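K.L.:
Have a look at this one before I ask anything.
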Amino acid sequence: MTDTLLSVRGLTIGVQRRRSLQPIVRDVSFDVRKREAVGIVGESGSGKTLTMLSVMGLLPTPPLRVGGGEIRFADRDLTQMRERDLRRVRGAELSMIYQDPMTSLNPLMRVGEQIEEVMTAHGVPKDDARVRTREALAHVGIPDPDRTARAFPHQFSGGMRQRVMIAAALVLDPQLLIADEPTTALDVTIQQQILALVRSLQREHGMAIVWITHDLGVVARLVERVIVMYAGRVVEDAPTRRLFRRPEHPYTAGLLASLPDPSDRSRGPLAQIPGTPPDPTDVPTGCPFRTRCRQAVERCALEMPPLTDRGKGARAACWVPPEEWVS
Ligand SMILES: Nc1ncnc2c1ncn2[C@@H]1O[C@H](COP(=O)(O)OP(=O)(O)OP(=O)(O)O)[C@@H](O)[C@H]1O
Ligand code: SF4
Ligand SMILES: [Mg+2]
């Protein structure tokens with residue numbers, strides 16, 4: 001038995017245009033071990049959500065489609081699985097909290113029924129499901145679960161809706177939870193409460209988690225490993241402490257430089273990575289980061305750097321090693 005829970009290899013996702021597939025996510029490979037907490041970080045549009053939606057088998061097809069690659073979860077290839085079998089895995093073994101809870105909660109259904117439905121769809125008898133729903137709501141810190149179960153999603157605040165989503169995602173005790181920016185729409189205090197809640201539930205349930213975020217600062221305290229995406233590719237993948245101490249990709253170095261330093265009281269302006277990421281369907285030749293990169297050399301315009309091993313569990317895709325970077 002290996003320790004690997006999720007293994008993504010050479011994943012390509014694209015938009016179907018007439019007969020050809022226009023790639024958006026290209027050749028993405030990474031692993032998540034059992035009980036591991038991993039972060040996927042990158043600017044808006046870098047392909048974080050699409051990558052994890054395809055793991056869930058929930059890519060909006062058409063116009064999007066998986067063009068190639070393998071997604072193995074608990075030793076099965078999900079890309080080859082029939083929808084009926086995939087449905088059995090989804091929700092029970094593999095679960096996702098979405099960016100906007102209103103898109104995944106049905107506005108016309110009481111929240112209790114929605115959580116019960118997750119269970120009855122997986123064969124839990126209705127009476128059991130009702131009891132377990134009340135327990136699940138109490139477990140995520142919702143007061144008066146009986147009354148809450150009878151309410152509709154619009155009757156809750158954003159933070160409470162996220163708690164309902166978390167209850168629904170965890171009710172069948174999945175092995176992997178994918179949390180897609182579950183707090184961006186919330187104010188800072190509620191954000192902190194939700195992050196702390198998910199982290200403690202993750203530890204308690206012994207599940208693996210993938211946090212998707214554009215904020216490296218938020219995820220740093222929550223994960224053991226960070227995967228950095230840029231323009232639809234993985235550009236760095238490293239243990240969190242290693243990544244903070246010695247980034248191997250200039251884009252990661254730029255993300256780190258733009259984080260506020262907690263020990264710095266002067267609050268000077270933060271460094272920003274100049275420029276904007278390329279349109280994922282129209283990436284320049286060579287390295288996709290080269291138009292914004294201070295370290296670029298001639299070779300960067302000609303060839304795409306492959307993701308290579310950098311030691312101590314790190315991988316990065318860059319032609320120029322950190323010791324040769326100009327400051
Ligand atoms: N249904 C769609 N049809 C065509 N293109 C799409 C579709 N959904 C997403 N895309 C494109 O795919 C790219 C990657 O999208 P994705 O949602 O994965 O980004 P993301 O990294 O999650 O960004 P964000 O941080 O804003 O959530 C984006 O540039 C987006 O325009
Ligand atoms: S390959 Fe070149 S352009 Fe790309 S990140 Fe490295 S130095 Fe910059
Ligand atoms: Mg997203």
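K.L.:
Note down all Cβ pairs under 8 Å where the first residue falls in region 76-89 and is among the acidic types (Asp, Glu), the second is assigned to a loop (DSSP other than H, G, I, E, B) and at pLDDT below 95, and they're at least six residues apart or on different chains.
P.N.:
Note: pairs meeting the criteria are Glu83/Gly57.
K.L.:
Between Asp146, Asp128, which is more than 25 Å from the chain's Cα centre (by Cα), away from ligand 2 (no atom under 16 Å from the Cβ), at pLDDT 95 or above and part of a helix (DSSP H, G or I)? It would help to see each step written out before you state the result.
P.N.:
On the way: Asp146 fails: at pLDDT 95 or above.
Among Asp146, Asp128, only Asp128 is more than 25 Å from the chain's Cα centre (by Cα), away from ligand 2 (no atom under 16 Å from the Cβ), at pLDDT 95 or above and part of a helix (DSSP H, G or I).
K.L.:
Turning to a different aspect of this structure: Which one of Asp27, Asp75, Asp100 is in contact with a Lys or Arg (Cβ under 9 Å, 6 or more places away or on another chain) and of a type in the set (Asp, Glu)?
P.N.:
Values: Asp75 fails: in contact with a Lys or Arg (Cβ under 9 Å, 6 or more places away or on another chain); Asp100 fails: in contact with a Lys or Arg (Cβ under 9 Å, 6 or more places away or on another chain).
Unique residue meeting the criteria: Asp27.
K.L.:
Going through region 221-258 one residue at a time, which ones are under 19 Å from the mean Cα position of the chain (by Cα), in a loop (DSSP other than H, G, I, E, B) and within 18 Å of Gln295 (Cβ to Cβ)?
P.N.:
Listed by number, the list holds a single entry, Ala231.
K.L.:
Which one of the conditions (1) touching a residue at least 24 places away in the same chain (Cβ under 8 Å); (2) within 16 Å of ligand 1 (Cβ to nearest atom); (3) part of a helix (DSSP H, G or I); (4) out of contact with any helix residue (DSSP H, G or I) (no Cβ under 9 Å at 6 or more places or on another chain) does Val55 fail to meet, given that it meets all the rest?
P.N.:
Val55 satisfies all of (1) touching a residue at least 24 places away in the same chain (Cβ under 8 Å); (2) within 16 Å of ligand 1 (Cβ to nearest atom); (3) part of a helix (DSSP H, G or I); (4) out of contact with any helix residue (DSSP H, G or I) (no Cβ under 9 Å at 6 or more places or on another chain) except (4).
K.L.:
What do you reckon, is Leu50 free of Cβ contacts under 8 Å to residues at least 40 places away in the same chain and crowded, with 20+ Cβ neighbours inside 10 Å?
P.N.:
Numbers: free of Cβ contacts under 8 Å to residues at least 40 places away in the same chain: yes; crowded, with 20+ Cβ neighbours inside 10 Å: yes.
It is true that Leu50 is free of Cβ contacts under 8 Å to residues at least 40 places away in the same chain and crowded, with 20+ Cβ neighbours inside 10 Å.
K.L.:
Only one of Pro250, Pro284, Pro277 is more than 29 Å from Lys34 (Cβ to Cβ), buried (at least 20 other Cβ atoms within 10 Å of the Cβ) and within 16 Å of ligand 1 (Cβ to nearest atom). Can you tell me which?
P.N.:
Working: Pro250 fails: within 16 Å of ligand 1 (Cβ to nearest atom); Pro284 fails: buried (at least 20 other Cβ atoms within 10 Å of the Cβ).
Unique residue meeting the criteria: Pro277.
K.L.:
Considering region 178-203 alone, what residues qualify as being within 20 Å of Thr4 (Cα to Cα) and away from ligand 3 (no atom under 16 Å from the Cβ)? Before you say what the answer is, go through the steps one by one.
P.N.:
Here is the first cut: in region 178-203, the residues within 20 Å of Thr4 (Cα to Cα) are 178-179, 202-203.
Those that are within 20 Å of Thr4 (Cα to Cα) and away from ligand 3 (no atom under 16 Å from the Cβ): Gln202, Arg203.
K.L.:
Something else about it: For region 93-112, name all the residues that are within 18 Å of Arg134 (Cα to Cα) and either small (Gly, Ala, Ser) or surrounded by fewer than 16 Cβ atoms within 10 Å (Cβ to Cβ) (or both).
P.N.:
Going residue by residue through region 93-112, those that are within 18 Å of Arg134 (Cα to Cα) are 105, 109-112.
Of everything in region 93-112, those that are within 18 Å of Arg134 (Cα to Cα) and either small (Gly, Ala, Ser) or surrounded by fewer than 16 Cβ atoms within 10 Å (Cβ to Cβ) (or both) turn out to be Met109, Gly112.
K.L.:
So the check is Cβ under 6 Å with 6+ separation or different chains; which pairs have a first residue in region 12-26 that's buried (at least 18 other Cβ atoms within 10 Å of the Cβ) and a second one that's outside any strand (DSSP E or B) and polar (S, T, N, Q)?
P.N.:
These pairs meet every condition: Ile13/Ser54; Val25/Thr51.
K.L.:
Mind checking which pairs have a first residue in region 283-295 that is hydroxyl-bearing (Ser, Thr, Tyr) and a second that is surrounded by fewer than 19 Cβ atoms within 10 Å (Cβ to Cβ), Cβ under 8 Å, 6 or more apart or different chains?
P.N.:
Filtered contacts from region 283-295: Thr285/Ala301; Thr285/Leu302; Thr285/Met304; Thr291/Gly275; Thr291/Pro278; Thr291/Pro284.
K.L.:
Looking only at region 196-237, filter to residues that are within 19 Å of Arg315 (Cα to Cα) and among the basic types (Lys, Arg); which one of those is surrounded by the most Cβ atoms within 10 Å (Cβ to Cβ)?
P.N.:
For region 196-237, the residue satisfying everything is Arg233.
K.L.:
If you check Trp325 against the conditions, is it farther than 15 Å from Val228 by Cα, of a type outside the set (Ser, Thr, Tyr) and in contact (Cβ under 8 Å) with a residue 60 or more places away in the chain? First the steps, then the outcome.
P.N.:
Numbers: farther than 15 Å from Val228 by Cα: yes; of a type outside the set (Ser, Thr, Tyr): yes; in contact (Cβ under 8 Å) with a residue 60 or more places away in the chain: yes.
Taking the combined requirement at face value, the residue satisfies it.
K.L.:
Something else now. Exactly one condition in (1) without any contact (Cβ under 8 Å) to a residue 60 or more places away in the chain; (2) within 16 Å of ligand 1 (Cβ to nearest atom); (3) buried (at least 18 other Cβ atoms within 10 Å of the Cβ) is not met by Asp31; state its number.
P.N.:
Unmet condition: (2).
K.L.:
Out of Pro260, Pro239, which single residue is more than 16 Å from ligand 3 (Cβ to nearest atom), at pLDDT below 95, touching a Gly at 6+ places or on another chain (Cβ under 8 Å) and farther than 25 Å from Ile24 by Cβ? Steps first, please.
P.N.:
Values: Pro239 fails: at pLDDT below 95.
Answer to the check: Pro260.
K.L.:
Related question: Picking from Ala185, Ala179, Ala196, which residue would you name as being assigned to a helix (DSSP H, G or I) and on the phi < 0 side of the Ramachandran plot?
P.N.:
Details: Ala185 fails: assigned to a helix (DSSP H, G or I); Ala179 fails: assigned to a helix (DSSP H, G or I).
Among Ala185, Ala179, Ala196, only Ala196 is assigned to a helix (DSSP H, G or I) and on the phi < 0 side of the Ramachandran plot.
The values are calculated or read from the model by the stated rules, or taken from the named source; none is laboratory data. The model shown is predicted, which means the values in this text are computed figures rather than measured ones. Backbone-built Cβ (ideal geometry, glycine too); neighbour counts: all protein chains shown.
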